[in-house]
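Presented below is the structure to which this report refers.
The values are calculated or read from the model by the stated rules, or taken from the named source; none is laboratory data. This structure is a prediction, so every number in the text was calculated from the model and none was measured. Cβ placement follows ideal geometry from the backbone for every residue including glycine, while neighbour counts extend to all protein chains displayed. Quick note on the areas: whole protein, heavy atoms, side chains included, nothing else; ligands and nucleic acids left out. Shrake-Rupley method; radii C 1.70, N 1.55, O 1.52, S 1.80 Å.
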Amino acid sequence: MGQNKKIIIKKVDSVQNPFIHRLHYLFIYYLFVCVTLTSNYSRFFMFPTGLSSPNPPPPPTQEARPAATDVKTDSGNITSTKKRKINGSEREDTSDTISSSPPKTLNSSSSSSSSSSPTPLHIQKKLRFEDSVDFIGLDVKMAEEAAAAAASCSNNKSKAMFLPGGVGHHANGLTKTAGSTTFSNSKPGAAKKLVIKNFREKPKLPENYTQETWQKLKEAVEAIQNSTSIKYNLEELYQAVENLCFHKISAKLYKQLRAVCEDHIKAQIDQFREYPFTVSVLFLKKIDKCWQDHCRQMIMIRSIFLFLDRTYVLQNSMLPSIWDMGLELFRFYIISDLKVQSKTIDGILLLIERERNGEAIDRSLLRSLLSMLSDLQIYQESFEQRFLEETNRLYAAEGQRLMQEREVPEYLHHVNKRLEEEADRVITYLDQSTQKPLILAVEKQLLGEHLTATLQKGLTNLLDENRIQDLSLLYQLFSRVRGGVSVLLQHWIEYIKAFGSTIVINPEKDKTMVQELLDFKDKVDLIIDVCFMKNEKFVNAMKEAFETFINKRPNKPAELIAKHVDSKLRAGNKEATDEELEKMLDKIMIIFRFIYGKDVFEAFYKKDLAKRLLVGKSASVDAEKSMLSKLKHECGAAFTSKLEGMFKDMELSKDIMVQFKQYMQCQNIPGNIELTVNILTMGYWPTYVPMEVHLPPEMVRLQEIFKTFYLGKHSGRKLQWQSTLGHCVLKAEFKEGKKELQVSLFQTLVLLMFNEGEEFTLEEIKVATGIEDSELRRTLQSLACGKARVLTKIPKSKDVEDGDKFSCNDDFKHKLFRIKINQIQMKETVEEQASTTERVFQDRQYQIDAAIVRIMKMRKTLTHNLLMSEVYSQLKFPVKPADLKKRIESLIDRDYMERDKENSNQYNYVA
């Protein structure tokens, strides 16, 4: 600070008001802050006695004016009026304050203002109190006398501060005396010192003040408890509590208040003890009304004794607050009474039981009573335990009864309804802490105790009938119970295995096996996606179950899947569009993944694919290649290498036939027969038994021409004609007109005979054509007994017998010009199936031998059991232990391995 001043402030001892010393402290602190803010220039302080907001200091005046002070004293009030000029305008402030203006500052050489020497401006500040304060009882002496203030006119930097002397007046019946305050000038840079002295005597309360005040407060409390009007102003009562607290009577006041509340609550207990128990609802309403009244009363009482609650009680951690004190008294004297508590809890449980039985009850009453128990901190010990016991008892009996009476879907909906009801009770009137144990109790009694019984009773029916909604509800409910999903998963696996086994094992369902498997797969996929929320455990369990039951019948599912694919890819199939066919192939591939005998599938698929390609029965080359790519992706390139070779042969054959036609044109070879030849690599295609037949001379000549052409281009190769796979287009003339017949090579040979004669017997045709007997009979049956009967058989019958005679049907009619006469497809005999299976087994033997040699070459020495386990891990198809043992013996005989001389159960690799 630029200038220090010494201010001495003393407190007078004539104050009798019990609050005045607090105001003195406040004023002294505020004055201390004001003094420390002084600078080299004098400050002007204004101390208001009324409420006002702080005002910013006005700007300094342009013209220095002499200070003027007008002090009036009237009935203890200090008034002051001042006028000052700010920025050329007049402003008048009138307030209950003492005002003063800064002293006039002049140049020492002249009484008037000089332009050469600027006039210093003084900043004025106002400091105001926010609360109404009486500045009484101050005796301030300055270090210097007021005479020095007169010399301020001759000193440019002198400063003066004025404080009014107090005038005594009466407030609240207590006399206030005023002291005098004097400020004097001091030199710039002088230090200031503030001295604060205590009261000479501690203020005392008037006689009987405490007793009279407590009597007023007690009357107010009793009026609140009795719901009557209060005689006194609430503000006056609050002020009375504050007065008592300031004079260290808080402890006594708290005890007296507790005693009054305790007496009132004690008087309430008798009405509940004598209340008849039969009318439980009325009893509960009476308890609720008593509780509501108590809460309302304690709120009012606390508002009056708020100062006590926030000072004395707050500073004593051992004492409960006024509200907690009321709860403690209510709990101890009313609710903790055994009869009252028993009647209350029993009544609440009775109402809840009625609601569970479907009756309408007063839920707001329950909410209020349970909230009371929670507020009194006896909810868990007095109510919740008994409530959960009753809940377990009720739902245990209900679960046992309904499991016997109702079907599973109906029972599941009832359980879901009960869970929703209990959740609603928690929201409406129960405490949140009850939610978890309550829901667990319901789930345990209605679900947990009946998991296995529920699934055994109704899961199969739900799955058979594909009841999606009920299955979804079943999964949701079982997910809520510990171990519920595991039990459901186990029954799910058992159902899939049982249902799938009925499809696979029954030979009567071979015709529809694959389609039923596809439908069953779609069904379980839908259930997993919609009902079981795409749970990975159910997906994996489904795959394992499919893999188990589909391989219970070795090789047959693989064979039937291959035939099913053939039926879908054949040219006559018009059931589906290209997109639908693609989706169907994807589904078939899913079933294909589950089978172990994939080599069996390959054998039958290759045989059917050869027929489709050679006879031209393939529905779509794109569909064929799409299926091939799926197999390659699933099983690898080695699996489809031969199948891909078949497609390459067909493409190369087309190129060769283009070259052959050019060759025929260059050689000018006459002929009316157009020959098309497919060159097949023997290793790619199925093995066909060659059949020698008697071909017409024209055909034989064309065969020789093609053979000369092909061997001339590819030396070192051998051609073998497969007559069983040939087909022709014949032009025929009937009475109706000309027709074209699309027939097989065997049918062609039979029909060409009728150009030489009118009628032939079975034996004559057999000798002329050289066709094998069974094949000839099927050929004649297709021409004379099928839909397009171009031959007439005598006698008429469906089968061809020895001695039957055949003649040309000149009266043959058909709406189409080109007629395709299908060969009667002989059903695949047991021998043919056995031969195909035998070929597969031979291929498997080579794979087994290769696996054993690989393992022994790497391990050098291995026991029998370890060798068997490693072979099983490498093979992709099932093998019987006896077959594996045969292959081991075969390798020993061929010197690939040997038995150990000391241990016959151990094998050694022979390099």
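Table for the structure above
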item	result
Most to least accessible of 353, 644, 698, 405 (protein chains only, probe 1.4 Å)	405, 698, 353, 644
Rounded if a/c under 1.5, otherwise prolate or oblate - the range 361-406, Cα gyration tensor axes	oblate
Solvent-accessible area of residue 785 with every protein chain in place, 1.4 Å probe, in Å² to the nearest 10	30
Heavy-atom accessible surface of the range 653-800: percent carbon and sulfur, 1.4 Å	51
Solvent-accessible area per residue, Å², over the range 270-410 with all protein chains present [probe radius 1.4 Å]	51
Global form of the range 265-327, assessed from the alpha-carbon gyration tensor, a/c cut-off 1.5	prolate
Accessible surface, 1.4 Å probe, highest first, among residues 613, 816	816, 613
Accessible surface of the range 381-492 [probe 1.4 Å, protein heavy atoms]: carbon and sulfur percent	45
Full-extension gain in nm, residue 296 to residue 270, via 0.36 nm per residue minus C-alpha separation	7.3 nm
Derived scalar couplings ³J(HN,Hα) [the range 752-760; Karplus, 6.51 cos²θ - 1.76 cosθ + 1.60; whole Hz; x for Gly, Pro]	5, 5, 7, 7, 9, x, 8, 8, 9
Computed accessible area, residue 684, all protein chains, 1.4 angstrom probe, square angstrom	80
Links that overshoot a 19 Å alpha carbon limit, given the list 568/815; 523/563; 497/583; 731/820	568/815; 523/563; 497/583
Accessible area (Å², 1.4 Å probe, nearest 10) - residue 534	130
Inter-part distance where the range 777-812 and the range 498-559 are each reduced to a Cα centre, Å	45
Mean separation of Cα contacts under 8 Å, 6 or more apart, over the residue count of the range 256-336: relative contact order %	45
Percent accessible area from carbon and sulfur atoms, the range 505-628, protein chains only, probe 1.4 Å	51
Within-12-Å neighbourhood charge of residue 738 [Cβ basis; K, R +1; D, E -1]	+1
Entries of 289/343; 611/787; 606/718 with Cα pairs more than 20 Å apart	611/787; 606/718
